[in-house]
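Data block below; observations after.
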Amino acid sequence: MASASAAPTPRLRDQRDYLKLLLARLAGTAANQMLMVALGWQMYDLTGSAWQLGLVGLAQFLPALLLTLPAGHLVDHHDRRRLLASSLGVQGVAAAVLAVASLQGWVGGGLILTLCVGLGMARALQMPSVQALTPSLVPPDLLPRAVAASSSTMQAAIVAGPALGGVLYALGPWLMARLASGSTDAAAAAHLGAALVYGVSLLLMVVAVVGVLGIVGGAHAPRDEVGRTLASVTAGVRFIWQRPVVLGAMSLDLFAVLLGGATALLPIFARDILHTGPEGLGLLRSAPALGAVVVGVVLSRRPVERRAGPWLLGGVALFGVATIAFALARDFWVAFAALAVSGAADMVSVVIRQSLVQLETPNEMRGRVGAVNSVFIGASNQLGEFESGATAALLGPVGSVLLGGVGTLVVVAVWIRLFPDLARRDHLRPGVGQR
């Protein structure tokens, strides 16, 4: 019976709705990553300011923070597919506006920040919708493998998206020379490259929307009896607070990536420290995802079954070490390798954290718990970008990233003391072989 109960990896191929969601995430994530490459390079091109790069992250985080609890409540009471499709559609509209503004030459820092607010609002709905849908589309025994496969697929998009975005952006001068009879207007050429990136992002968002709307099952969660009250909206916060393992896993990722993330500063490292162009920036943004893909493929076939807590903490510690190595690198490929290692380490923590959270959360609560989780992820990413920009304005880009890597190692040491149950966690599923 033991061998019969172990779900082999090929069974994921039989989960058709899960595969449709996977396709949508692949297209949507690639589109989003291309957007971020173009937004970052264009903002730095327009302003030359690390502070403005940080504001790109802050403008996305604040609306997500304000809307996340109501968004989680919506996810638990409405069609999750349509909410996810609406979120992707809003991001497609933002890409379309940016493409037109770049082509016509009226793009500016203010427009970029305004649209970043819209992107943040859309993602407040996107993340809890995805997190609530995934476990309802696969059997519980397949969930760790499904999370690993989903994460590695998403990371593959994060590899391809920035690289393709960087190449398309760099095509601007070449296209300008062909279309305008050898014109050397550098600003117009850069805007043309940006518009090309935004246009392809829009097409990918359309593919993602179609994929989501094709899902048949798992759209609705059982409705609880609380109704639309404050207690219902904030139930996810109470649920997480009462479970130290879940709280510890979420907050560990929050503070580690908040401190250790270097994504916002990559345009500065690419142009001013490593002396490369937008195509090099695309490769640097792809590097963490490349490492994550390799680890994700391994974990989809050989998931973590024992010592989940130590593996989680060890992955975050390695992420901090790799961040320090990137800060000190002066060769492009050394920096690329350090970022790849950071992505591989982060993937270990992502798969374990997401599996822990989803396995411990009942279906009717997944939207609200996913919404709170999205705040943690959004804070670690978008707010982390603002933190990086702010500290870089004071300490320089190298000092900012170096401080973040050291801070990540300190967080791991503190969390071992604050959350001993997490540090001792053995199996992923609750109540299975716990010590």
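The values are calculated or read from the model by the stated rules, or taken from the named source; none is laboratory data. What you see is a predicted model; the values in this text were computed from it and never measured. Here the Cβ is made from the backbone with ideal geometry for all residues, glycine too, and neighbour counts use every protein chain on show.
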Of 189, 194, the only residue that is touching a Leu at 6+ places or on another chain (Cβ under 8 Å), closer than 19 Å to residue 281 by Cβ, modelled with pLDDT under 75 and of a type in the set (A, V, I, L, M) is 189
Closer than 26 Å to residue 39 by Cα, modelled with pLDDT of 75 or more, under 22 Å from the mean Cα position of the chain (by Cα) and among the polar types (S, T, N, Q): does that describe residue 201?
yes
Looking at this structure, is residue 317 buried (at least 24 other Cβ atoms within 10 Å of the Cβ), of a type outside the set (Lys, Arg) and either in contact with a helix residue (DSSP H, G or I) (Cβ under 6 Å, 6 or more places away or on another chain) or touching a residue at least 24 places away in the same chain (Cβ under 8 Å) (or both)?
no
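Please work out which residue is farthest from residue 335 (Cα to Cα), limiting yourself to segment 254-276 and to residues that are outside any helix (DSSP H, G or I) and at pLDDT below 80.
261
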Restrict the check to segment 109-126 and report whether at least one residue is polar (S, T, N, Q), at pLDDT 80 or above and within 25 Å of residue 278 (Cβ to Cβ).
yes
Give me a count of the residues in segment 277-297 that are hydrophobic (A, V, I, L, M, F, W, C) and either modelled with pLDDT under 80 or buried (at least 24 other Cβ atoms within 10 Å of the Cβ) (or both).
7
Yes or no: segment 213-229 includes at least one residue that is part of a helix (DSSP H, G or I) and modelled with pLDDT of 75 or more.
yes
Taking the condition within 15 Å of residue 36 (Cβ to Cβ) and over 18 Å from the mean Cα position of the chain (by Cα), does residue 52 pass?
yes
Any idea which of 308, 335 is under 25 Å from residue 268 (Cα atoms) and either crowded, with 23+ Cβ neighbours inside 10 Å or polar (S, T, N, Q) (or both)?
335
Given the conditions (1) closer than 11 Å to residue 124 by Cα; (2) at pLDDT below 75; (3) surrounded by fewer than 24 Cβ atoms within 10 Å (Cβ to Cβ), every one holds for residue 73 apart from (1)
Lone unmet requirement of (1) in a helix (DSSP H, G or I); (2) more than 29 Å from residue 358 (Cα to Cα); (3) over 21 Å from the mean Cα position of the chain (by Cα); (4) hydrophobic (A, V, I, L, M, F, W, C) for residue 142:
(2)
